[in-house]
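Here it is: the structure, laid out below.
The values are calculated or read from the model by the stated rules, or taken from the named source; none is laboratory data. If you're wondering where the values come from, they're calculated on a predicted model, not measured in any experiment. Glycine gets a Cβ as well: all are built from the backbone with ideal geometry, and neighbour counts include every protein chain shown. Just so you know, the surface numbers come from the protein's heavy atoms only, side chains and all, with ligands and any DNA or RNA stripped out. Shrake-Rupley method; radii C 1.70, N 1.55, O 1.52, S 1.80 Å.
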Amino acid sequence: MKKLLASSCLLLSALPMSSYAAECGKVTIADMNWNSASLIANVDRIILAEGYNCDAELVPGDTMPTGTSMIEKGEPDIAPEFWSNSLKAALDRGVEEGRLRFAGAVLSDGGEEGFWVPKYLVDKDPSIATIEGVIANRELFKHPEDPSLSAFYGCPAGWNCQISSGNLFNAMGLGDNGFELIDPGSGAGLSGSIAKAYERGEGWFGYYWAPTAVLGKYEMVKVDFGSGIDEEHFKSCTTNADCLEPKVTMYPPSAVDTVITESFAKNSPEAVNYLSNRSFTNAQLNSLLAWMEDNQADGEIAAMHFLENHEDIWGAWVTPEVAKKIKASL
């Protein structure tokens, strides 16, 4: 009998991981090619593997090819950070046809865009948090080449946000109030202009977005246009290069969802429940992205850092029993 038990134990220990993961099975997760998405994908891989016994695997991903593959081929199973507005019609069709499901909002406050100024300027003069205050203090936002002008840093040429930031620049009459719209040349040029202003304690005014490492490193305040959000006009005109009469509107939040295949949803309801609960604020991700950049960390290292140091966040996404398993694995 002892020999039989011993041989049974040896047989169990020799079984592949997927045998233990029978209740969840093999799960493929899109590791998108930007930092926040890679961080979240690695967090999901660890939690699904250690907490839910999934045979979780990362696969390379990007917005368009991943969305198309999920709709047409049913793989990968999970796209953790999907900016769904970029493929909304196709995703909605996938949901209607019973192929896809929106598991939840991975960014609780949505992707954030706006015009920003350094917090230290607002601390000195709170009016600078409004567009009227920015215009009234335009001498603070020095043009890098022409001292008679003030600078507004827009999006690099070719980026979608170049259209919206340019239209809003015109709608608010910033050109008539002494500002010039500056093309920073690249994303690095835009972030570098913020870093340079911060190092010198100077004024800066321009477009930026979150979640990003830049807004995790440098405290910035989003300028209030005093207009509220006109989402219909934003979609029909502000984001349109042919918009002839742009109106002032704040940027609406961008939908950033976790998209999963319906087959995965049916096979792994407990794992889906975790994905539905799993959500970050922009402030949390900004801070994590800044840590990644400062430590030159990839998504896997950043995920371990997050799980080891922020149980206060991820512990709320899972049951106490699952949290205990994850902690033991770390």
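Ranked highest first by the average count of other Cβ atoms within 10 Å around their residues, in what order do 243-252, 210-219 fall?
Result, highest mean Cβ count within 10 Å first: 210-219, 243-252.
So for the stretch 170-275, averaging the separation of alpha carbon pairs under 8 Å that are six or more residues apart and normalising by length, what relative contact order in percent results?
Details: 48 pairs, mean separation 24.9, N = 106.
Dividing the mean separation by the residue count of the stretch 170-275 yields 23 percent.
With a cut-off of 8 Å between alpha carbons and a minimum separation of six or more residues, what is the relative contact order of the stretch 103-209 in percent?
Relative contact order comes out at 38 percent.
Rolling a 1.4 angstrom probe over the protein heavy atoms, how many square angstrom per residue are accessible across the chain? Please list the in-between numbers first.
Details: 16090 Å² over 330 residues.
Each residue of the chain exposes 49 Å² on average to a 1.4 Å probe.
Further question: Quote the charge dipole size of the chain about the Cα centre in Debye, to the nearest 20; the model charges only the Cβ of Lys and Arg (+1) and of Asp and Glu (-1).
Approximately 1060 debye in magnitude.
Going by the alpha-carbon gyration tensor, a ≥ b ≥ c the square roots of its eigenvalues, is the stretch 157-273 rounded (a/c under 1.5) or, if a/c is not under 1.5, prolate (a/b greater than b/c) versus oblate? The partial results should precede the final answer.
Numbers: a/c = 2.46, a/b = 1.48, b/c = 1.66.
Taking the square roots of the gyration eigenvalues as a ≥ b ≥ c, the stretch 157-273 is oblate.
From zero outward in steps of 10 Å, how is the percent of C-alpha pairs of the stretch 47-162 spread across the bins?
Binned Cα distances yield the sequence 10, 26, 23, 16, 18, 7, 0.
Sticking with this one: Enumerate the residues in the stretch 42-56 having an amide nitrogen under 20 Å from the point lying 7 Å beyond the Cα of Glu23 toward its Cβ.
Label zone hits: 44-56.
Order the following by accessible area, largest value first: Thr281, Thr238. Probe radius 1.4 Å; ligands, DNA and RNA are ignored.
Of Thr281, Thr238, the descending order of accessible area is Thr281, Thr238.
Also, quick follow-up: Can you work out the FRET efficiency for the pair Ser186 and Ala316, with r the C-beta to C-beta distance and R0 = 51 Å, to the nearest 0.05? Walk me through the numbers on the way to the answer.
On the way: r = 38 Å, r/R0 = 0.75.
It comes to 0.85.
Another one. As a quick test, which of the pairs Lys142/Lys196; Lys119/Lys235; Lys124/Lys222; Lys26/Lys73; Lys124/Lys196 have an alpha carbon distance above 18 angstrom in this structure?
Correct reply: Lys119/Lys235; Lys124/Lys196.
Cross-link candidates for Lys247: which aspartates and glutamates have Cα within less than 15 Å, leaving aside residues fewer than 8 places away along the same chain?
Leaving aside aspartates and glutamates fewer than 8 places away in the same chain, those within reach of Lys247 are Asp224, Asp230, Glu231, Glu232.
On full extension of the chain, what length is gained from Glu57 through Thr130, given 0.36 nm per residue of separation minus the C-alpha to C-alpha distance?
Result for the pair: 21.6 nm of gain on full extension.
Would you calculate the separation in nanometres between label points at His305 and Glu139, each defined as 7 Å from the Cα along the Cα-to-beta-carbon direction?
4.2
Within the stretch 36-127, which GluC sites (Glu not before Pro) sit in a loop by DSSP and count at most 11 neighbouring Cβ atoms inside 10 Å?
Answer in residue order: Glu97.
Nearest 0.05, what FRET efficiency do Glu75 and Asp123 give at R0 = 51 Å with Cβ-Cβ as r?
FRET efficiency, Glu75 to Asp123: 0.55.
Could you work out the relative contact order of the chain? I mean the mean sequence separation of Cα pairs under 8 Å and 6+ apart, divided by the number of residues, in percent.
Numbers: 564 pairs, mean separation 84.6, N = 330.
Across the chain, relative contact order equals 26 percent.
With a bin width of 10 angstrom, please list the P(r) values of the chain as percents of all Cα-Cα pairs, from the 0 bin to the one holding the largest distance.
With 10 Å bins starting at 0, P(r) equals 5, 23, 28, 21, 14, 6, 2, 1, 0, 0.
Can I ask one more? Given points 7 Å out from each Cα along the Cα-Cβ axis, report the Asn267 to Glu97 separation in nanometres with one decimal.
Here the modelled spin labels are 2.0 nm apart.
Rounded, prolate or oblate: which one fits the stretch 190-330, using the alpha carbon gyration tensor with axes a ≥ b ≥ c (rounded when a/c is under 1.5, else prolate when a/b beats b/c, else oblate)?
Oblate shape, in that a/c is at least 1.5 and b/c is the bigger or equal ratio.
With each pseudo-label sitting 7 Å past Cα toward Cβ, what's the Leu244-Asp146 distance in nm, one decimal?
Between Leu244 and Asp146, the label points sit 2.8 nm apart.
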